[in-house]
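Notes for the one structure printed next.
The numbers here are math on the coordinates, done by the rules we state, and not lab data. Being a predicted model, the structure only gives us computed values, none of them experimental. Glycine gets a Cβ as well: all are built from the backbone with ideal geometry, and neighbour counts include every protein chain shown.
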Amino acid sequence: MTIAEAAVDSPGTDADARVISHWIDGAEHPSSSGRTSPVYNPATGAVSAYVALADEAEIAAAISSAARGYEVWSGYSIARRQGVLFAFRELLNSRKGELAEIITAEHGKVVSDAMGEILRGQEVVELATGFPHLIKGAFTENASTGVDVYTLKQPLGVVGIISPFNFPAMVPMWFFPIAIAAGNAVVLKPSEKDPSAALWMAQLWKEAGLPDGVFTVLQGDKLAVDGLLTSPDVASISFVGSTPIAQYIYETASHHGKRVQALGGAKNHMLVLPDADLDLVADQAVNAGYGAAGERCMAISVVLAVEPVADELIEKITERIGRLRIGNGAGADGVEPDMGPLITGVHRDKVSSYVDIAEADGAKIVVDGRGFTVAGLEDGFFFGPTLIDEIPTTSRAYQEEIFGPVLSVVRVASYDEGLELINSGQFGNGTAIFTNDGGAARRFQNEVQVGMIGINVPIPVPVAYHSFGGWKQSLFGDAKAYGVHGFDFFTREKAVTSRWLDPATRGLSAQRGINL
Ligand code: NAD
C-alpha cells in the first residue's frame, strides 16, 4: 500500500490503526520508541492511525543520516542539483491530487483548499529551481590594484524545519525547496496531528533522484523538537506555529548557537472604511474568516467597521453565512462543502470556550456555531461559522488568537481608531484595508505595524519571490520565509579578497623565468 493509499483509506477502528513512521536514509523507518500519538480523520472523529514519536536514538539517527546526506549533496554540481529540483517539481505537479487527499484526510480542510495550499507551496519549488541565479555571489574586479573581491554563498549543513498542523504541505515547502536547492540537508519535524503529507513528499524526493539523507522526516513531539534545537549538528531552525512555542524555539535554538526564524500566531484585522463596496467586503470577510474553518495564520478574525457601515455589513455577512455548506472536506456525492471540521475535538472545545468568553464579556453572538453537528458525522470535529458583534476589546476573545471559524466585529468611529486598535495588538502578521480611497490605503500601508498588508485583498500572502513574515509576536528573528530572505537564510556568505600578481612582472611565473 502506498503512503497515499494508507493515509486516505483510514481504518475504521483503533485496533486496525497503522503507525506512521519516520523517513530516514531514503526509506520509511519504523519506530521502536514505543511512543505514539493518535491521528484523526477530523470529519468522522475516528482515529485513522498513530504517529510514531521519536526517542533519542531515532533523533540521533535522523540527524546523522542528514549529515551524511549533506556530504553527498553539497558536492553535487549546480546543474545536477537543478535537475533533481525540476524532477521534483514535475512529479509534484502531476501527482498533487494524491497529496491533497492526504491533507484532507488528516487535516479536514476541503480538497480544493488542500490543492490551493499545494499550489502555493509549488510556487516556492518553482522559485527554487532558479536557485543558481539566487546563490551566485558578487564579484568586484580590481578593488585595489591586482586585487579582486568576491563572495561565495555556501550551504549551512543540516537544517531543521518544524511545522504546524494547519498547512502540512505548504509550510514545509516555504523552506525545504530553497534549503535543498542551496545545498543543505533537511530534517523536517511535521505536526504530529497530520504527519503523512511529509512522508509523501519524502517519497517524491526519492523518486526525483535526491540522494538518501538529504530529506529526512522525524516524527515526534517536544522531545524531537528539543533534539533538533540542541544538537550541535543542526545549523539552523525554521519554525512555524503558535507564538509561545515560536518564542521558546527562538530562544532555545539561539542559545545553542543556531540561526533561527520562528513564525508565530496572529490576529488579523480587516479595516472597512465607509466608502468600501460592502458586498465585496462581505464576500471577502466570509472567505477569509471561515475558509479552512479559520485555521489559517492569515485568516481574518476581526472586522473593524468604521461607522456607519456595521449594521449593513453584519446583515450581508450573516446572509452569506446562511449559504455556507459545512461537511466532510473530502465531499459527498461529488459535492464539496465550503468548510470542513476543525483539527481535533480538543481544539473545537477551545474555540467554543472563546465564544463563551466573548458572551460573558458582553458581546452579542449574532451567529452561534457552538454545538454544531453534521448529519451522519456527529462525531466529527465540526464547529459552525460564528459571528460576534460588539466584542469588547478588553475581552480575551478579542485579544487572543482563536484559530477557528469565528469572526468578530468591532465598531469604530474613524480610520484612526481602527488603526490604533491594530497597532496596539500583540501580533503583526497580516491585515487588510477595504476602501476606494487610494490616499487612505496609502496612508494605511505606511502607518500600520504589520508585516503583510492587503489593499482590498483579505489574505495578502506574498508570492514566492517576495517573502512571508509578520512583525511583533508573529515573527521571532529577522529572516522571513522564502523569497530572497529564504536564500539568505539558507546560505552563509564568505568574502574572498584575492591578489594574483601579473606574471609579466612580479608573478610566480615571472620569478620562475616562464615567458607568457
Ligand atoms: P503549535 O505551536 O502547537 O505546534 C507547532 C509545532 O511545534 C508542531 O510541530 C508541534 O509538534 C511543535 N510543538 C508543540 N508544542 C511544543 C512544545 N511545547 N515544545 C516544542 N515543540 C512543540 O502550533 P499548531 O497548533 O500546530 O499550529 C497553529 C499555530 O501556528 C497558530 O498559532 C497559527 O497562527 C500558527 N501559524 C503561523 C503561521 C505564520 O506564518 N506566522 C503559519 C501557520 C500557522
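Listed values, structure above:
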{"read-out": "Relative frequency of Cα-Cα separations exceeding 11 Å in segment 379-426, percent", "value": "74 percent"}
{"read-out": "Farthest toward positive dipole pole in the chain [+1 Lys/Arg, -1 Asp/Glu at C-beta], among Ala397, Trp471, Ala288", "value": "Trp471"}
{"read-out": "Positive-pole candidate from Val412, Ile59, Ser144, dipole of the chain, charges at beta carbon", "value": "Ser144"}
{"read-out": "Taking His133, His347 and counting other C-beta atoms within 10 Å, the order from fewest to most", "value": "His133, His347"}
{"read-out": "Charged-residue dipole, Cβ positions (Lys, Arg, Asp, Glu), segment 305-380 about Cα centre, Debye nearest 20", "value": "160 debye"}
{"read-out": "5 angstrom amide H check on Val457, placed H, neighbours 5+ away", "value": "Ile433"}
{"read-out": "Charge sum, other residues only, whose C-beta stays under 12 Å from Ser352's C-beta, Lys/Arg counted +1 and Asp/Glu -1", "value": "-1"}
{"read-out": "Alpha carbon centroid spacing (whole Å) that separates segment 253-318 from segment 380-413", "value": "11 Å"}
{"read-out": "Centroid-to-centroid separation of segment 444-467 and segment 105-131 [C-alpha atoms, Å]", "value": "20 Å"}
{"read-out": "Cα Rg, Dmax, segment 362-486, angstrom units", "value": "17.2, 51"}
{"read-out": "Filter on Lys96/Lys193; Lys136/Lys494; Lys109/Lys193; Lys153/Lys258; Lys136/Lys472; Lys189/Lys222 - keep pairs with C-alpha separation over 22 Å", "value": "Lys136/Lys472"}
{"read-out": "Relative exposure of Phe383, Phe139, Phe86, judged by other C-beta atoms within 10 Å (fewest first)", "value": "Phe139, Phe86, Phe383"}
{"read-out": "Computed over the chain, the ratio Rg/Rh where both radii use C-alpha atoms and Rh is Kirkwood", "value": "1.04"}
{"read-out": "Value of [θ]222 nm, deg cm²/dmol, for the chain, DSSP H segments ≥ 4, -39500 (n - 2.57) each, nearest 500", "value": "-12000 deg cm²/dmol"}
{"read-out": "Percent RCO, i.e. relative contact order, over the chain, from Cα pairs under 8 Å lying at least 6 residues apart", "value": "17 percent"}
{"read-out": "Footprinting exposure proxy for Val346, Val159 (fewest neighbouring C-beta atoms within 10 Å first)", "value": "Val346, Val159"}
{"read-out": "Only Lys, Arg (+1) and Asp, Glu (-1) charged, at Cβ; the chain dipole about Cα centre in debye", "value": "2200 debye"}
{"read-out": "Whole-angstrom Cα spans of segment 438-509 along principal axes, big to small", "value": "67, 28, 20"}
{"read-out": "In Hz, Karplus ³J(HN,Hα) per residue of segment 467-474 (6.51, -1.76, 1.60; θ = phi - 60°; x = Gly, Pro)", "value": "10, 10, x, x, 10, 6, 6, 9"}
